[in-house]
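Below: one structure, written as structure tokens.
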Amino acid sequence: MDNHRALARQLAQIAISAGHPLDWFEQLYAKARSDGTPIPWADYTPNPNMIELFQKTNNLLTFGQKALKIGCGLGDDAEWLSCLGFDVTAFDISPTAISECGNRFPNTNVKYVVCDLFQAPDNWQGAFDLVLESYTLQVLPPELRTKALQQICGLVSLDGYLMLIARLRDESESTGSMPWPLVRKEIDILKSQGFAEKYAEDYFDGEHPPVRRFRGCYQRKA
């Protein structure tokens with residue numbers, strides 16, 4: 001996996017240094033299509049941390065119908081949400097990723113869209129009963145994450161929910177190499193954005209070696 005991440009880290013650093021910190025996503029997906037370069041986070045199966053989060057909150061929360069997947073990649077999580085009965089919109093900044101979603105799921109009910117989070121359509125504001133963000137914030141430079149999380153908050157409907165899954169670290173720990181773990185104070189910005197914490201978990205996952213992560217569910221109350 002570290003070998004798979006080496007190219008992604010190189011592309012990310014070049015893009016950030018050039019002042020275009022989001023360009024590397026399309027570069028990586030395009031290279032994957034052209035020569036089979038592995039996408040580090042593409043497991044071609046729904047995220048088990050997401051599935052467990054739904055299982056843990058299933059008896060606590062009642063979700064509306066419209067769902068949005070942030071940074072959908074190759075579509076597995078979006079398809080899983082659709083199978084649960086959600087009316088799913090899923091977007092990614094990479095046109096190649098969205099094209100691959102169409103190739104992988106030709107009969108999908110998911111609405112796949114090429115979109116930059118920072119330029120989301122006006123009619124998405126407050127439009128979704130559930131917004132799922134998993135692993136996108138942690139591959140953004142730290143200086144972009146607060147703005148990104150604020151953008152994500154604006155997409156959640158009143159009384160709707162935001163589900164968040166990310167790597168986590170203590171503030172005393174080094175940020176390390178991409179993916180860059182979040183700290184709790186970054187996540188706690190949600191409370192200042194009018195969200196109430198309904199579920200939160202700081203845990204180690206089942207990877208080898210285990211990775212420290214955070215997952216939580218927040219309801220928009222104001």
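The values are calculated or read from the model by the stated rules, or taken from the named source; none is laboratory data. Since this is a predicted model, take the numbers as computed values, not measurements. Positions of Cβ are backbone-derived with ideal geometry, glycine not excepted, and every protein chain shown enters the neighbour counts. Each accessible area value is taken on the protein alone, full model and side chains, heavy atoms only, with ligands, DNA and RNA left out. Shrake-Rupley method; radii C 1.70, N 1.55, O 1.52, S 1.80 Å.
Listing for the model above:
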item	result
Matching residues, the range 179-199, being without any contact (Cβ under 8 Å) to a residue 40 or more places away in the chain, among the small types (Gly, Ala, Ser) and open to solvent by less than 40 Å² (accessible area, probe 1.4 Å)	196
Matching residues, the range 118-147, being of a type outside the set (D, E, K, R) and within 11 Å of the chain's Cα centre (by Cα)	131, 132, 134, 135, 136, 137, 138, 139, 140
Residue 69, sole failed condition from (1) without any contact (Cβ under 8 Å) to a residue 24 or more places away in the chain; (2) among the charged types (D, E, K, R); (3) buried (at least 16 other Cβ atoms within 10 Å of the Cβ)	(1)
Residue among 7, 53, 61 that is open to solvent by 30 Å² or more (accessible area, probe 1.4 Å), over 20 Å from residue 113 (Cα atoms) and of a type outside the set (Val, Ile, Thr)	7
Qualifying position, being among the β-branched types (Val, Ile, Thr), more than 21 Å from residue 194 (Cα to Cα), modelled with pLDDT of 95 or more and touching a Leu at 6+ places or on another chain (Cβ under 6 Å), among 136, 89, 108	89
Matching option when the condition is open to solvent by 40 Å² or more (accessible area, probe 1.4 Å), under 23 Å from residue 214 (Cβ atoms) and of a type in the set (Val, Ile, Thr), among 146, 136	146
Only listed residue being out of contact with any Asp or Glu (no Cβ under 6 Å at 6 or more places or on another chain) and either among the acidic types (Asp, Glu) or modelled with pLDDT under 95 (or both), chosen from 178, 163	178
Criterion violated by residue 79 - all others in (1) at pLDDT 95 or above; (2) touching a Pro at 6+ places or on another chain (Cβ under 9 Å); (3) under 30 Å from residue 194 (Cβ atoms) satisfied	(3)
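Conditions (1) surrounded by 20 or more Cβ atoms within 10 Å (Cβ to Cβ); (2) of a type in the set (A, V, I, L, M), marked per residue:
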{"site": "38", "(1), (2)": "no, no"}
{"site": "73", "(1), (2)": "yes, no"}
{"site": "79", "(1), (2)": "yes, no"}
{"site": "106", "(1), (2)": "no, no"}
{"site": "111", "(1), (2)": "no, no"}
{"site": "114", "(1), (2)": "no, yes"}
{"site": "124", "(1), (2)": "no, no"}
{"site": "131", "(1), (2)": "yes, yes"}
